[in-house]
Each structure stands twice: as C-alpha cells, then as structure tokens.
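Working notes, structure below.
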Amino acid sequence: MALLLVPEFFGLKCMAQEMDDEAILSAIKEYPYRAAACHSPYYFSSEISYTPTPKGYTAFYISHFGRHGSRYQTRGSEVYDGVVALLDSLHAAKSLTAEGDSLRMELRHIQQAHVGMDGMLTRRGSAEHTGIARRLAARTPTVFRQHDRKIVGCTSTTVQRTIQSMAGFIAGLPSAGSGLDFHINCGFDTDNISRPTDKPLAREVLDSLIAAEEKVMSPSDDELNGLRSRLFVGYKASQDVLFKLFLASAPAGCLDIQVNPLRFFSSQELLSFYKKRDVSFNAKYGTFAPTRSGMANNGKKWLRLIVDDADRALDGNGHCADFRFAHDGNVGPTMNLLGIGGYAFPAFKDAPYRYWQSFRQICMASNLQLEFYKNVKSDVIVKALFNEEEVVFPGLEAIDKVYFKWDDVRRFFIGKCEDVHEVPDYYASYLEGKAAQIRQLQKTEIDGFYFITDMHFPVNCGFSASLLEALGHMAEKRLIVYGGDALTYVDDFDEGLAMQISALEQMRGVSPVLWARGNHDIVNYTGRKQWITKERKTLPAWESAKVLARFRPMRAVSNEVDPYTSYFYYDNPGKKVRYIVFDTTDTVQDDNMQGGLSDTQLRWVVEKAILGAPKGYGLVFVSHIPFLGEKKKIPAEDALSSFSEHSTFKLGEKTYDFASRQDLRMICVVCGHRHRDYSLRFPGGQAQINVTADCNYEDIKRAKGTVEEQSFDYVSISMDGRIRTVRIGKGEDRQF
C-alpha cells in the first residue's frame, strides 16, 4: 500500500555526482514510487547530520523557496479515462489476467478519487510541508524568538496546491505564544524585465529535443514482454499502452487512498519507464546539456526575489523569515541557474538520468532554504540546504565548511541572474590608493556617501558597480547615492532596462542605494509619465515608480498619497544626517531637458522632510537636475535658498518659517544631468555640487581600458565643516 506518512528511510545523498543503473535500480527497489520521477513524494532521511554553527553566530533569518507538496494529477481525466476505458473493454473481453484485473480496479479507484480534485494538494502533501517547517524550526529556534523580528512573510502562487502547501507549512511553525505576525499573500509579483537572450527555449524546440531523447531512452519491446504476459491474455499491448499504464500508476504514492498499483511492475520495468519519464523533467527543470542554459533563464526572476527579500530583511523590515511556495517549473530552473548540490553536474545525452534524477532533485515539496546567521559585530553568514541537505557554493570560500559570507553569496546570486563585471586588473593598485584616502577621511567625518550619476546604459564602460563593491570591502561601507539617468536612447527597451538593473542590483549589495530619478528615466508625453527609448517603447509611470522603489531602502519614507513619483527621505540616525531625494521629473517638459517639481512634492519636502527632521540633523539634498544655474528656474530653488539662510519661504498661500528650525543645517546639494564637474553656492554659502557623468559619451571621452573609463565621487562630510570628495576615475578630488 502507498505510504501516507512522509518516508524517512530514503538514504540517497543529493551531492552524488552520478548514479549508475544498478544504484538507481536499488533506489527503486527500496521505494518503487521513485520511478514516478517528478511525481515522487518528498523524502527526508533521519540520518542527515548538520554542521555545527560557527562559534558566536546566531540564526536570525530564513529564506525558503519550495515546490508544492504531493498532489492529484493536474489533468486526471486525460490520464485515467482512456486507460480505464481500455482496461474495462479488455475485462469485458476476458483479456485480462487476475493481476491485470486488480490493476484495473486500483486505477478505477484512483480515477474516482480524482473527480473534482485535479491538481489539488493531498493530505500527504500538506503533511510534507508541516514536517519541513517543524524540522526547520527545530534547527533554528532563535529565528522565531526575536523581539525585533516578528514578521513571517508567506507568499504562494494563486494555485490551490501552493496555497494549501503554505497553510501546511505555517501549521508546522512555532506560532502559538510566540507573537509571530504572519503576512500572508497569494499571488507572486512575477513581473520581470528580461533581455531577449534571457528567454527560455521555444516550446517547439524543447518538445522536439524531448521527443528525440525519449525515443532513445524507451525500453525495447522485448523488455516489456514479461509485463504483457502478467497483465493480458491474448492481447498484444503496445509500448505506448504500457507506458500509459505506468503513467497512470506512478502518481499513486502522492495520494491519500490505499492503493499500490506499482506492485504490478517489476523493478527493472520501473527503471526502464523511469529513464523515459525522466527525460521531460530533466530537459525542463534539470541539467540536460542541450536545454540547460535556456530553461535556467526561468529562474532569474525567482532568484532576484530571494535577494530582494533578503535585502529588505537585513535592512530592517522586521522579517524573521520569508517563505515562498511555487511549482517545479519555478524551483527547478532556479536551482539549475545556481548550479549547486545535485544541479552542479551536467546531464549528457547518452544517459542524462544518471547525472540528474528528478525523483530526488525536483520531487514533490522540493525546496531551497537559506539560513542566515550573525554575530555581535553584525557579520552575516549563510548556509544553504536543498531538500534539507547542506550544499556548498562552488567557487566561494567558506568561512567554515558550509557557512559562507552573505556578501559573497549575494554576489554569486546576482552574478547568476545579472551581468556582473569583475574589477579589471588595471584598477588593482589604483583602487587600493583610493580606498586608503577614503579610510583616512572616514576617521574624522560626520558621514560619507558615494555619488554616481548619469550612467546612461548602454553607453557605459560598465565597471562602476564592481568598483563600488570593491571599495565597500576595502573601506567602511557607506551609502550609495545614484543621481539618475540610468538609460540613454536605446534600440531595445528590455535590453536597456535589464542593463541598468544589473548595475544597480550589484551596487545594492554593497550598501543601500538612493536613486534620484532622471529625465532619461522618465518622460511626460500626453500627460503620462513613461520610460523612454529611441523608438518610444515605454513603461507606464506606476511601473517606473515600482522599479525605482525596488532599490529604495526599507527605512526610506515617501509620500504614500503620491505614488507615481520618486521623492523620499532617508535617515542615518547614528550620524544625524537626513538625505532628501527629489524627483525633478515629476513635471518634466516635452523637450526632455528641463525638469520641475509639482507643488505636491515641494510641499511634502518642506513640511515632512525638512521641517519634520529630528532636532540637530544635517540635511543632504539629492537631485538629478540642478537647482542653481539653470536657464529655467526650478521651483525648489527658492525653498532651498530660504532654508540655507533660515529665512521664510512662501508656497501658494502658505508661508514657511525656516528660522524656527535653527537646529537644522543644510549640508549640501548633489546633482548630475549636466555631465560636468562644477559647483555653485546657495545664499547661506552651502555648495551645490555637480558631478560629471559616469557614461562614455563621445564628448566626455572616457579612456577605455584605463582607470579613467569611469567617474564618480566619494563625498565625505567632515567634522570641521568641510566637504571633501575623492574622485574614482577621470576627474579631480575637490573640497568645499
């Protein structure tokens, strides 16, 4: 009979590089429903041991991404109606043996159980997730006992089996008396901007490859004669009929009914059918060499989501865990993209099933778990488990066997789904010198930040992100302020947007990123704010705002009633510095050059961001388009000029008295747009610092292949009242 409990006797090791036919046959003999391939129930071995946590580290955050649990067939009528009708007709013709008739009755029982249940989770499937959650909580009890991290994010796709899997998982967590706050969401936001080369293989190409390989993996006719004689009398069943009988029988291990149709197949016959069945899943979700790279692209948006959630959790959103529940078509490609554990080895055409086995790599409830740990210094390390077995990250240096620095793992993840450039050798000694300058300034500064602007992809040498990442490790980490204009006019919109996201994703791994939207990031045609490209392919304003918000730190505060713009403030409370980011594109002109500010934005900035700042704070203002020196006056110029000398400012019928906040001080304004270095002064003497573009336009003449091919600043706010900048790339250090 099919087991209803999650089996704990499966001793397979996920890290095995190759299983020969004898090893797979032995595994099938141990538990025949492994032959069900992707439809094999979840297995967990009680013999699994875990590496002790490094001394001084405590678990504080969990990231989980899993497939739904055991389920009914998604198209039960297609699977069972024809098979049962055939067996019924053979029964009437007395063409079935006693064994054949027993198989018929069991398949009829399964057919009836599927009425109204196609694709639904079984009780067993729910129990699988409950068990996974209980074991996770037992391994990492400190995660769910934190006073400052009580939120558990739980998200599933909209399909019933993933929703019920999520419910089963939650049931296994220590919620009673712990005060956990479950944020439950049904419906992944799977919007994704991909390059054309990121698309998976075309369906017709995939189907053709699968059909050809299935033909190679099909058993010979002679291999099935024993099965024919056991089931039929005077009926020469075709191989196709026998395979359909297998397909109808194999999922029984996932069900809640007491049937065991695979007992009518020998272990060798199950192995033969498994080889053929495994082809489709290996080609779609596994490491099958001809399809692997194309199908792995389906994992990019999911890997980005894992990184996004971890970034927000580490930034302080109160989450102790994020759990996601999806499908084999989501988990498989993501694991394949990562290439860890059993996904590290390519499956070649001669015998793909030997290198990647669907019954152990993408079984029901298969899952990737990341356990995050930190010490008193807030150093963060992470351990990965696939199907609850520890796995390592190839090419990364572990700090202790299976524990890795999160910074390294994060970059490994981003490198799998984005274009991540390594720092060229010619920057090595140059960067060390710049890092030494920055470290020296950091000894006596109030605060500091990196300011980079006008990257204008694809007209960019492309190494800024990796340089910022390197500096983040060579000196103390600081905020990254991005002055806007990620794009230029590009022929392919998806390609351009994907390039800018690649760079910003990598930078965000170094420190929080504050993005001031530029005129090339948004434009107003017929009253609508839209992304622009050369051919006017556009993204609506709300999507534009959503992309920018993706990179905004959790502690950033924006105007919730004005969602299509991107102005906000961000506090560094330890340094008593507030960064106020303007959106100078919210009334951008049709000539795509002059920016402006709506009264709504300006009023919010004055009332909430400036006058609402805590006592004793210094304010840094960030904008793409400069406020001083423009031919057309920017509305915020008067407001900042008045604040700079603590006088009054009138907006509409209301007058604001900055003299009432003598405890606040204006530090500076940083901006881009003009593609050159210069500075101007506000009435109070504070500097508007314009920084040249990081792009490689012809008129800027960046020297490719040298340390002058990029250009951005480290801005240090010193205790002596001066602002000092360190130029990385072409340009000079400055002082204000």
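Taken over the chain, the convex hull of the Cα atoms encloses 177 Å³ per residue. Here LYS29 is the anchor, and the lysines within straight C-alpha reach of less than 24 Å, apart from those fewer than 8 places off in the same chain, are LYS13, LYS244, LYS275, LYS276. Using R0 = 25 Å, the C-beta based FRET efficiency linking THR97 and ASP222 works out to 0.80. In segment 171-292, Rg over Rh equals 1.15, where Rg is the alpha-carbon radius of gyration and Rh the Kirkwood radius from pairwise Cα distances.
Taking the Kirkwood radius as Rh and the Cα radius of gyration as Rg, segment 556-645 has a ratio of Rg/Rh equal to 0.96.
Report, in degrees rounded to the nearest 10, the 0 to 90 angle that the Cα long axis of helix 464-474 makes with the longest principal axis of the chain. So the inclination is approximately 90 degrees. Classification of segment 86-185 by its C-alpha gyration tensor yields a prolate form. The axis ratio a/c (a ≥ b ≥ c) is 1.5 or more, and a/b outweighs b/c. Would you mind classifying segment 582-726 by shape? Square roots of the alpha carbon gyration tensor eigenvalues, ordered a ≥ b ≥ c; an a/c under 1.5 is rounded, otherwise it is prolate if a/b is larger than b/c and oblate if not. Here segment 582-726 falls in the oblate category. About the centre of its Cα atoms, segment 332-439 shows a dipole size close to 140 debye [charges on the beta carbon of Lys, Arg (+1) and Asp, Glu (-1) only; nearest 20 debye]. Prolate is the label for segment 453-510, because the ratio a/c of its alpha-carbon gyration tensor axes (a ≥ b ≥ c) is 1.5 or higher and a/b is greater than b/c.
The protection proxy used here, the mean number of other Cβ atoms lying within 10 Å of each residue, ranks peptides 307-315, 165-173 as follows, highest first: 165-173, 307-315. Label zone (ALA428, point 7 Å along Cα-to-C-beta; backbone nitrogen cut-off 12 Å) within segment 373-406: none.
The share of accessible area on the chain that comes from carbon and sulfur is 51 percent, using a 1.4 angstrom probe. For the chain, the longest principal axis of the alpha carbon atoms and the long axis of helix 76-92 meet at an angle near 0°. Under 19 Å of direct C-alpha separation, and excluding same-chain neighbours fewer than eight residues apart, LYS301 reaches these lysines: LYS199, LYS284, LYS416, LYS546.
Just add up the charged neighbours of GLY168: K/R +1, D/E -1, any other residue whose Cβ is under 11 Å from the Cβ of GLY168. That sum, taken over residues with Cβ under 11 Å, equals +3.
Local charge for GLU645 was computed over the other residues whose Cβ lies under 14 Å away, with Lys and Arg +1 and Asp and Glu -1, and equals 0.
For the chain, the longest principal axis of the alpha carbon atoms and the long axis of helix 300-315 meet at an angle near 50°.
Of the peptides 356-366, 635-645, 86-96, 328-338, the ranking by mean beta-carbon count within 10 Å, highest at the top, reads 356-366, 328-338, 635-645, 86-96. All other residues whose Cβ lies under 13 angstrom from that of TYR430 are scored, Lys and Arg at +1 and Asp and Glu at -1, for a net of -1.
Placing a pseudo-label 7 Å from each Cα along the Cα-to-Cβ vector at ARG135 and GLU397 gives an inter-label distance of 3.3 nm. With point charges of +1 on the Cβ of Lys and Arg and -1 on the Cβ of Asp and Glu, referenced to the Cα centre of segment 382-457, which listed residue (TYR427, ILE438, PHE404) lies farthest in the positive direction of the dipole? Towards the positive end, the residue furthest out is ILE438. Separation of segment 262-317 and segment 695-724, taken as the distance between their Cα centroids, equals 44 angstrom. With all pairs of different C-alpha atoms in the average, the Kirkwood value for the hydrodynamic radius of segment 121-242 is 19.6 Å.
For the chain, the solvent-accessible area works out to 38 Å² per residue, with a probe of 1.4 Å and every protein chain left in place. Considering only Cα atoms, the convex hull volume of segment 378-426 works out to 109 Å³ per residue.
The lysines whose alpha-carbon is closer than 27 Å to the alpha-carbon of LYS377, local same-chain residues fewer than 8 away aside, are LYS55, LYS150, LYS401, LYS405, LYS434, LYS443, LYS477, LYS575, LYS576. Over the residues of the chain, the helix contribution to mean residue ellipticity at 222 nm works out to -10000 deg cm²/dmol, using -39500 (n - 2.57) for each DSSP H run of at least 4. Can you work out the FRET efficiency for the pair TYR564 and ARG230, with r the C-beta to C-beta distance and R0 = 56 Å, to the nearest 0.05? My answer for the efficiency is 0.25.
By DSSP, the beta bridges lying fully in the chain are antiparallel in about 60 percent of cases.
The values are calculated or read from the model by the stated rules, or taken from the named source; none is laboratory data. Treat the numbers as computed from the prediction; the structure is a model and nothing was measured. Neighbour counts are summed over all protein chains in view; Cβ atoms, including those assigned to glycine, are modelled from backbone coordinates with ideal geometry. Areas reflect the complete protein model, heavy atoms only, side chains present, ligands, DNA and RNA absent. Shrake-Rupley method; radii C 1.70, N 1.55, O 1.52, S 1.80 Å.
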